[in-house]
Amino acid sequence: MRASVIITMYNSEGTIGKIIDQLLKVINKDDEIVIVDDKSNDNSAKIVGDYQDTRINLILSEHIGRAKALNKAVNASKGKYIFINDADDITSEVRFNLSIELLNNGNDAVFGNALLIDNIGIKKIEELNTSMSKMNANNSKKVILLKKDSFFLTNNLHHSSLALKRETLLNIGCYDESLEVCIDLDLYYRLVQQKLKLAICNKIFIARNMGNSRVFSRYPKKKYLSNLILLRKKYRDTIKPSIYTFVYDIKFRLMYLLSK
């Protein structure tokens with residue numbers, strides 16, 4: 001099997017059908033969509049279960065949290081390549097083939113750019129595809145490699161645009177199930193820690209729903225910043241970024257102290 005699209009969902013009835021409709025259009029016949037429902041109490045599981053396409057593998061779970069749900073999906077996957085896709089983000093038509101091309105050219109993980117949308121639930125797929133296609137027609141195929149210093153300055157990586165080989169993800173231990181916050185960020189730190197090649201493509205890979213996915217809407221700001229500070233401290237000694245990146249540690253500590 002070529003690729004596995006990994007989706008975890010919790011109460012995603014407003015968007016999950018639209019996300020699946022788009023994915024079924026852009027994946028191959030030998031790809032799969034692995035969806036773990038984290039015990040939603042809405043109609044999310046029913047919406048997915050009503051699809052008759054054999055490429056969809058719906059896994060019903062107890063409420064285990066995002067990290068465990070992601071790992072459950074990865075362990076159930078069969079594809080050579082893993083694509084992460086949030087339950088409210090639309091994948092572009094260029095993402096799969098371009099990501100696989102970049103992975104086969106020696107990169108260990110691939111991220112793309114994003115079209116930010118306030119509320120994907122009210123947008124038509126055709127409208128989103130038109131917007132992404134227009135942007136991709138103007139965007140070059142430029143790829144930059146993520147440097148460790150840049151990573152300690154800021155993080156503009158979109159988790160829902162990530163693709164990597166399944167073997168790579170398993171080798172670094174998948175997602176840390178002890179974490180509730182900064183799960184994706186911890187994964188990126190470990191990719192950098194292992195000195196893997198992280199490529200960021202200038203093309204639009206996803207239309208990202210900002211209405212429901214802003215980190216501070218899901219977690220208290222103080223909690224997020226606390227975990228961010230701890231992660232930076234944890235990985236600083238092994239990754240060894242330049243000393244000037246400490247300025248951002250100070251920035252995040254000040255934000256933490258001033259947050260409620």
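When the Kirkwood radius is taken over all Cα pairs of the chain, what Stokes-Einstein diffusion coefficient follows at 4 °C and 1.567 mPa s, in µm²/s? Working shown, then result.
Values: Rh = 18.9 Å.
For the chosen part, D equals 68 µm²/s.
Give the dimensionless ratio obtained when the Cα radius of gyration of region 120-260 is divided by 2.2 N^0.38 Å.
Numbers: Rg = 16.9 Å, N = 141, 2.2 N^0.38 = 14.4 Å.
Here the answer is 1.17, to two decimals.
Compute the projected area of the convex hull of the Cα atoms of region 28-105, averaged over all viewing directions, and report it in nm² to one decimal place. Don't jump to the answer; show the numbers that get you there.
Numbers: hull surface 23.4 nm².
Taking the Cα atoms of region 28-105, their convex hull projects to 5.8 nm² on average.
Can you spot the lysines whose alpha carbon is less than 19 Å from K134's alpha carbon? Ignore those fewer than 8 places along the same chain.
K25, K123, K124, K142, K203
Given a 1.4 angstrom probe, what's the average accessible area per residue across the chain, in square angstrom? Provide the component values of the computation, followed by the final result.
Details: 12690 Å² over 260 residues.
Here the per-residue accessible area is 49 Å².
Can you list which of the trypsin sites (Lys or Arg not before Pro) found in region 98-161 are DSSP loop residues with at most 15 other C-beta atoms within 10 Å? Intermediate results must be reported in sequence, preceding the final value.
Details: sites: K123, K124, K134, K141, K142, K147, K148; in loops: K123, K124, K141, K142, K147.
Loop-located and lightly packed - K124, K141, K142, K147.
Probe radius 1.4 Å, ligands and nucleic acids ignored: give me the carbon and sulfur share of the accessible area of region 11-169 as a rounded percent.
On the way: 3390 of 7340 Å².
Reported share for carbon and sulfur atoms: 46 percent.
How far is helix 246-258 tilted, in degrees, relative to the longest principal axis of the Cα atoms in the chain, given as a value from 0 to 90 rounded to the nearest 10?
Once rounded, the angle reads 80 degrees.
Taking the 0 to 90 degree range and rounding to the nearest ten, how far is the long axis of helix 125-138 tilted relative to the main principal axis of the chain, both from C-alpha atoms?
The answer is roughly 50 degrees.
Local charge sum around T15 (other residues, Cβ-Cβ under 11 Å, Lys/Arg +1, Asp/Glu -1)?
Numbers: positive: K18, K123; negative: E13, D21, D86, D88, D89.
So the surrounding residues net to -3.
Go ahead and set up a Gaussian network model of the chain, Cα springs under 10 Å, then flag whichever of N41, N138, N71 fluctuates most.
Result for the chain, Cα springs under 10 Å: N138 fluctuates most.
If S133, S99 are ordered by their accessible area, calculated over protein heavy atoms with a 1.4 Å probe, which sequence runs from highest to lowest? Walk me through the numbers before you get to the answer.
Values: S133 60, S99 0 Å².
Highest to lowest solvent-accessible surface, that is S133, S99.
The values are calculated or read from the model by the stated rules, or taken from the named source; none is laboratory data. All of these numbers come straight from a predicted model, not from anything done at the bench. Note: ideal-geometry Cβ built from the backbone for every residue, glycine included; neighbour counts use all protein chains shown. When the accessible area is computed, the model is the full protein with side chains, heavy atoms only, and any ligands, DNA or RNA have been set aside. Shrake-Rupley method; radii C 1.70, N 1.55, O 1.52, S 1.80 Å.
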